Amino acid sequence: MSREISGFSKLSKDEKIDWLDAKVLTKTSDFKEILRQYWNANSDLQSLHDDFIENTISNFYLPYAVAPNFVINNKKYVIPMVIEESSVVAAAAMVAKFWAKRGGFKTEVISTDKIGQVHFMYKSAKTELEAYFKKIKPQLFSTTSALTKNMKNRGGGILDIELRDKTQVLKDYYQLHVRFETKDSMGANFINSCLEQIANTFKKEGIKIVMSILSNYTPNCLVRAEVSCPVSDLYKEAPMYYAQKFVEAIKIAQVEPYRAVTHNKGIMNGVDAVVIATGNDFRAIEAGVHAYASRKGQYQSLSGAEIKDGIFKFWIELPLSVGTVGGLTALHPLAKISLALLQNPSAKELMEIMAAAGLAQNFAALRALTTKGIQHGHMKMHFTNILNQLKTTPSEKETLKQFFKDKTITHRDVKEALEKLRTLKS
Ligand code: MEV
């Protein structure tokens, strides 16, 4: 049996599935049926999704939820979230309500620059290269004018082109380091088209262009979100003790990379869920955020906290290059719905909303970790998944929910309780 094939992409969807069934799965009984269950009955909608990528054979669902009661800069939001992890939306909703009563989230976009680079090799004298760059620089702008016209009308475009000498780190390596403003679009296509044009104009004998591409590291496309309240208003019992533990938890994430990665993962639970719901590129966001967390030479917490004069302050700073126009935001009907739910924000506002969602998740995680522990809430939310996994009937579900109401939930205990219940009934 050969699992190799040429011309796979030319096959119809059914032919692809038949081939997989016969050659890869050796006729797994319900393969075709499960794939088909997830096809959309609306053929236009299905072909829209089929066309996003190549070789589509089905759709992969993730839950689409909303977290209400967010107050960000005194404006109320219902935040759409796409995520599979049980506790994330519940935590977001709970924290949103908590902070809404304490002035809400205060957010601010610090900067919106994006970067693209033309990477090239040059062996001759640096002075000659510098002289050439100086001479050609106006043309690097003018030859991209057709590409930048619309963006300029929206207030964006190429901000600056700089020649950078990187020969200290790699022999003969230089780059054109280009700063862009892309307003409400994420701008990947715009940036890459401009860079390729710049590279073409810049090309001459002796300059070997290696590649032209945007950077997903956007430390100057930065947003900050913050919450604060009197320490006495933070916890019902022993507020100063728990507030201090909270601050200590952040300090640990600032000095200990093993902890920082998990700490930031929790933040990204909130950020990514909004990134996906709004049709933005979560891989770009993830790559950029984690690079930013390492900017000081060691991977660190993205959030900070302090207690000063009886006031607890908790904040986050994140590089988030996102768009509210173009790309999937214009194509995916649910991405459009998400943006409508958010009252059609600008890219800047969307950065602020995502930062608030990230801070909310971090708050929920740290509050749980430094008080009752994380498993209490997690397992409560995961309980339904366990019940579904064990294929419980509705009445078994009800009985088990009652039984575990005030007990610690573990997969093993639920399984055992279910087995007992079934033995009693038989
Ligand atoms: C789980 O998805 C996220 C947490 O581990 C985050 C954290 O530990 O801060 C709870």
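Laboratory data are not the source of any read-out in this text; all were calculated from the coordinates shown. Bear in mind the structure is a predicted one, so any value in this text is a computation, not a measurement. Cβ atoms come from the backbone with ideal geometry, glycine included; neighbour counts cover every protein chain shown.
Before moving on, here are some points about what is shown:
- The HN-Hα couplings worked out from phi for the range 54-60 by the Karplus form 6.51 cos²θ - 1.76 cosθ + 1.60 (θ = phi - 60°) are 9, 6, 5, 10, 6, 10, 10 Hz, whole numbers, x standing for Gly and Pro.
- Taking amide H as placed 1.01 Å from N in the peptide plane, the amide H of I79 sits under 5 Å from that of A67, F70, each at least 5 places away or on another chain.
- Cβ crowding within 10 Å ranks H263, H49 as H49, H263, fewest other Cβ atoms first.
- Residue (of Y38, H49, L11) at the positive-pole extreme of the range 8-50, dipole from beta-carbon charges: L11
- Taking K126, K106, K348 in turn, the Gaussian network model of the chain (Cα-Cα springs below 10 Å) assigns the largest fluctuation to K126.
- Reach of K251 by Cα under 14 Å, taken over aspartates and glutamates that are not fewer than 8 positions away in the same chain: E306
- Chymotrypsin sites (Phe, Trp or Tyr not before Pro) restricted to DSSP loop in the range 61-109 with at most 14 other C-beta within 10 Å: Y61
- For T112, the residues whose amide H sits under 5 Å from its own are L222, ignoring neighbours fewer than 5 places away on the same chain, with H placed 1.01 Å from N.
- On the principal axes of its alpha carbon atoms, the chain extends 87, 71, 41 Å, with the longest extent given first.
- Legend: residue pairs K101/K183; K236/K415; K23/K415; K97/K245; K265/K380; K32/K425, Cα-Cα distance threshold 29 Å; pairs beyond threshold, K101/K183; K236/K415; K23/K415; K32/K425.
- Pairs exceeding 22 Å between alpha-carbon atoms, taken from K137/K166; K152/K204; K16/K336; K76/K308; K76/K336; K114/K348: K152/K204; K16/K336; K76/K308.
- GNM top mover of A340, A253, A357 - the chain, alpha-carbon springs below 10 Å: A340
- In a DSSP loop and with at most 16 other Cβ atoms within 10 Å, the GluC sites (Glu not before Pro) in the range 191-266 are E205, E237.
- Candidates V66, V325, V414: whichever shows maximal mean-square fluctuation once the chain is modelled as a Gaussian network with Cα springs under 10 Å: V414
- Net charge, A243 excluded, C-beta distance under 15 Å - Lys, Arg +1, Asp, Glu -1: +2
- Each of L342, L170 has some number of other Cβ atoms within 10 Å of its Cβ, and from fewest to most they run L170, L342.
- Summed over qualifying helices (DSSP H, 4 residues or more, each -39500 (n - 2.57)) and divided by its residue number, the chain shows a 222 nm mean residue ellipticity of -15000 deg cm²/dmol.
- Sparsely packed trypsin sites (Lys or Arg not before Pro) within the range 222-282, loop by DSSP, other Cβ within 10 Å at most 13: K236
- Dipole-positive endmost among Y292, A277, N216 within the range 212-294 (Cβ charges, Cα centre): Y292
- Under the span-like rule (Cα at least 15 Å along the axis, Kyte-Doolittle mean at least 1.0), DSSP H helices of the chain: 87-100
- Between the range 350-379 and the range 173-202, the alpha-carbon center distance in angstrom: 37
- Burial ordering of K152, K114, K32, fewest other beta-carbon atoms within 10 Å first: K152, K32, K114
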